[in-house]
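Engineer: Sharing a structure here in structure tokens format.
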Amino acid sequence: MSTMSKQETPEIPQLRRKERFGIWLLTVLLRTTALTSRVVVRNMEVAEAAREQHGAFLVSTWHQDIFFSIWMFRSLHLTALVSASRDGEAIYQVMRRFNFKATRGSSNRGGTEGLLDTLNVLNSGESIAIAPDGPLGPPLEAKPGIVLLAKQAKVPILPWSYTCKREWRLKTWDRHRLPQPFNRIEGAFGEPLLVPPDSPPDEIPRYCRKLEDAMRRVSYELRS
């Protein structure tokens, strides 16, 4: 990666009043749902072991699962890869209230423009949460960015999913999930996925498919 030129820092969008109100509303809903529900993370030790063994890790969560994952990840002190768009900034303004930091990428290139900055974050020992199907889909299809980061930084990808008894679905491209208050919400990490640093470029799509399979497996096991 030493041949990469330094990228300009994406400009942070200024949010409108109605967007700031939406951030406040989502934050209240998130806290209310969490505090009135039984919330369980089955195996937080997977993340702890990955951090101890590799120094850092990548959490892979589908875009539709971001909302409540923010609460479930709050003790991990993650950095989120967010798009340099209004939607990305709005999501981050909720995240930062729950111990997240941000590294920003380009919204029109799926966040890959921020690859160098993101690698620097990983190499400094901070772990990162990424929605591999963001920022605009297709939903539930992993793009190469997360695999390339795992390869270059030599850190594992931790597949993640959660399930709940009752939820609302937004009419967005990802059908975003909003668990309702007074709920049972359970999340889990899957087995860490390591991408060999000497993997040739034509192997990257195969690792994307392996990640998709791993995330489906976590979701299935939570529901069974």
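The values are calculated or read from the model by the stated rules, or taken from the named source; none is laboratory data. Please read all numbers here as calculations on a predicted model, not as lab measurements. In this analysis, Cβ positions are derived from the backbone assuming ideal geometry, glycine residues included, and neighbour counts consider all displayed protein chains.
Engineer: Testing residue 74 on (1) at pLDDT below 95; (2) out of contact with any strand residue (DSSP E or B) (no Cβ under 6 Å at 6 or more places or on another chain); (3) basic (Lys, Arg), one condition comes back false. Which one is that?
Structural biologist: Unmet condition: (1).
Engineer: OK, next. Considering only region 193-200, I want to know if a residue exists there that is in contact with a Ser or Thr (Cβ under 7 Å, 6 or more places away or on another chain) and either outside any strand (DSSP E or B) or not charged (D, E, K, R) (or both).
Structural biologist: No, there is no match, as no residue in region 193-200 is in contact with a Ser or Thr (Cβ under 7 Å, 6 or more places away or on another chain) and either outside any strand (DSSP E or B) or not charged (D, E, K, R) (or both).
Engineer: Can you name the residue in region 77-97 that is in contact (Cβ under 8 Å) with a residue 60 or more places away in the chain and out of contact with any strand residue (DSSP E or B) (no Cβ under 8 Å at 6 or more places or on another chain) and is also nearest to residue 132 (Cα to Cα) among such residues?
Structural biologist: The selected residue is 85.
Engineer: Is it true that residue 207 is assigned to a helix (DSSP H, G or I) and among the hydroxyl-bearing types (Ser, Thr, Tyr)?
Structural biologist: yes
Engineer: Is it true that some residue in region 194-217 is in contact with a helix residue (DSSP H, G or I) (Cβ under 8 Å, 6 or more places away or on another chain), buried (at least 22 other Cβ atoms within 10 Å of the Cβ) and without any contact (Cβ under 8 Å) to a residue 60 or more places away in the chain?
Structural biologist: Among the residues of region 194-217, at least one is in contact with a helix residue (DSSP H, G or I) (Cβ under 8 Å, 6 or more places away or on another chain), buried (at least 22 other Cβ atoms within 10 Å of the Cβ) and without any contact (Cβ under 8 Å) to a residue 60 or more places away in the chain, which makes the answer yes.
Engineer: Output yes when any residue across region 191-208 is touching a strand residue (DSSP E or B) at 6+ places or on another chain (Cβ under 9 Å), hydroxyl-bearing (Ser, Thr, Tyr) and closer than 17 Å to residue 69 by Cα, and no when none is.
Structural biologist: Within region 191-208, none of the residues are touching a strand residue (DSSP E or B) at 6+ places or on another chain (Cβ under 9 Å), hydroxyl-bearing (Ser, Thr, Tyr) and closer than 17 Å to residue 69 by Cα.
Engineer: Further, regarding this structure: State all residues of region 133-154 that are small (Gly, Ala, Ser), modelled with pLDDT under 95 and not in a helix (DSSP H, G or I); if no residue qualifies, say none.
Structural biologist: 134, 137
Engineer: Could you count how many residues in region 155-179 are part of a loop (DSSP other than H, G, I, E, B) and either hydrophobic (A, V, I, L, M, F, W, C) or touching a helix residue (DSSP H, G or I) at 6+ places or on another chain (Cβ under 7 Å) (or both)?
Structural biologist: 7
Engineer: Something else: Collect the residues in region 123-132 that are out of contact with any Cys (no Cβ under 9 Å at 6 or more places or on another chain) and either assigned to a loop (DSSP other than H, G, I, E, B) or crowded, with 16+ Cβ neighbours inside 10 Å (or both), keeping them in residue-number order.
Structural biologist: Within region 123-132, 124, 125, 126, 127, 128, 129, 130, 131 meet the criteria.
Engineer: Continuing with this model, one more query. Does region 169-184 hold any residues that are within 13 Å of residue 29 (Cβ to Cβ) and either free of Cβ contacts under 8 Å to residues at least 40 places away in the same chain or aliphatic (A, V, I, L, M) (or both), and which are they?
Structural biologist: Hits for region 169-184 are 170, 178.
Engineer: Sticking with this structure for a sec: For residues in region 104-122 being surrounded by fewer than 23 Cβ atoms within 10 Å (Cβ to Cβ) and among the polar types (S, T, N, Q), which is modelled with the highest pLDDT?
Structural biologist: For region 104-122, the residue satisfying everything is 120.
Engineer: Could you list all residues from region 17-43 that are over 13 Å from residue 181 (Cβ atoms) and more than 19 Å from the chain's Cα centre (by Cα)?
Structural biologist: Passing the criteria: 17, 18, 19, 20, 21, 22, 24, 25.
Engineer: Would you check which residues across region 66-91 are part of a loop (DSSP other than H, G, I, E, B), out of contact with any helix residue (DSSP H, G or I) (no Cβ under 8 Å at 6 or more places or on another chain) and surrounded by fewer than 21 Cβ atoms within 10 Å (Cβ to Cβ) and list them?
Structural biologist: Kept after step one, since they are part of a loop (DSSP other than H, G, I, E, B), are these residues of region 66-91: 73, 77-78, 84-85.
Retained after the next criterion (residues that are out of contact with any helix residue (DSSP H, G or I) (no Cβ under 8 Å at 6 or more places or on another chain)): 77-78.
Selection gives 77 alone.
Engineer: Quick one: which of 178, 222 is more than 29 Å from residue 22 (Cα to Cα) and modelled with pLDDT of 95 or more?
Structural biologist: Values: 178 fails: more than 29 Å from residue 22 (Cα to Cα).
Going through 178, 222 in turn, just one is more than 29 Å from residue 22 (Cα to Cα) and modelled with pLDDT of 95 or more: 222.
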